[in-house]
Every structure is written in structure tokens, then in C-alpha cells.
Amino acid sequence: MFRCYCRDCQQLTGGGHSEMVPLVAETFKVDGPRTEYQMIGGSNRPTWSSFCPTCGSPLTRRSERMAQCVYVHASSLDDPSRYTPSRIINANAAQPWDKPCSKQ
């Protein structure tokens, strides 16, 4: 579980970072409808983000570069209180108003 400060995550969440749970793609399944959009990520390779088609909440993110993984937005979990990030990534891209904490 990690907190990402990359520009893509900032734009996708509308905030300074995203809170993500990485899972193995082939064992992951979303029940119910979702809308998925393809874009070019910071790596200049395709990425896909899925959203609830009813309310627009972000659900998942995946990329061509890491095809074996799917990243679930922590806020979309049934029990988000179980989310405990253990890593911060792309801290150098953090906005001045959303600097990473040195402690989780």
C-alpha cells in the first residue's frame, strides 16, 4: 500500500496525491459497472483508470508498464480504515501545499 505524489495521480484524484493498494490483476475483479479511460501516463505508455459511472469516484488504475498489477484507490475499499500505507512514491513531484510526511 502506498501514497503516490506523481502528476498523473494528482490530476486523477483532484488532490495532491493518491492512496493506492496494489493487487495482482489476474486475481482481481470488480463487481458492477465501471467506466474506464485510457491515457498516456508519465512513462509515455498507456494507462487506464476506472471510475464509477454513477458518481464518478475513482476505482482502479493500471498500466502497460506494470500489466501484472491493478491499483485500487483506497477510498473505494469497502473498509478504507484497513488501508495502511507503507511507502511514499514520487515525493519529488509533491505540491508545496501537500508535502509528504516523514512519518506515516
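Observations, loosely collected:
- Stokes-Einstein diffusion for the chain, with the hydrodynamic radius set to the Kirkwood value over Cα pairs and evaluated at 20 °C in a medium of 1.002 mPa s, equals 151 µm²/s.
- Signed unit charges on C-beta, dipole axis of the stretch 2-93, positive-most listed residue 54, 33, 16: 16
- Computed from backbone phi with θ = phi - 60° and the Karplus coefficients 6.51, -1.76 and 1.60, the 3J(HN,Hα) list for the stretch 49-59 is 10, 10, 9, 5, x, 8, 10, x, 5, x, 10 Hz; x is used for glycine and proline.
- Among the trypsin sites (Lys or Arg not before Pro) within the stretch 11-87, those in coil by DSSP and having at most 10 neighbouring Cβ atoms inside 10 Å are 29.
- Taking Cα centre as origin and charging only the Cβ of basic (Lys, Arg, +1) and acidic (Asp, Glu, -1) residues, the dipole magnitude of the chain rounds to 320 debye.
- For the stretch 1-78, the list of GluC sites (Glu not before Pro) that fall in a loop by DSSP and count at most 13 other C-beta atoms within 10 angstrom reads 64.
- Once the C-beta distance of residue 35 and residue 93 is scaled by a Förster radius of 35 Å, the resulting FRET efficiency is 0.85 to the nearest 0.05.
- Three-way shape call for the stretch 51-90 based on the alpha-carbon gyration tensor, with the a/c threshold at 1.5: oblate
- Helical mean residue ellipticity (222 nm; -39500 (n - 2.57) per DSSP H run of 4+; nearest 500) of the chain: -1500 deg cm²/dmol
Every read-out reported here was derived from the displayed coordinates using simple, explicitly stated rules and does not represent laboratory data. For clarity, every value in this text was computed on a predicted model and none was experimentally measured. With ideal geometry, Cβ positions are generated from the backbone for all residues, glycine too; neighbour counts draw on all protein chains shown.
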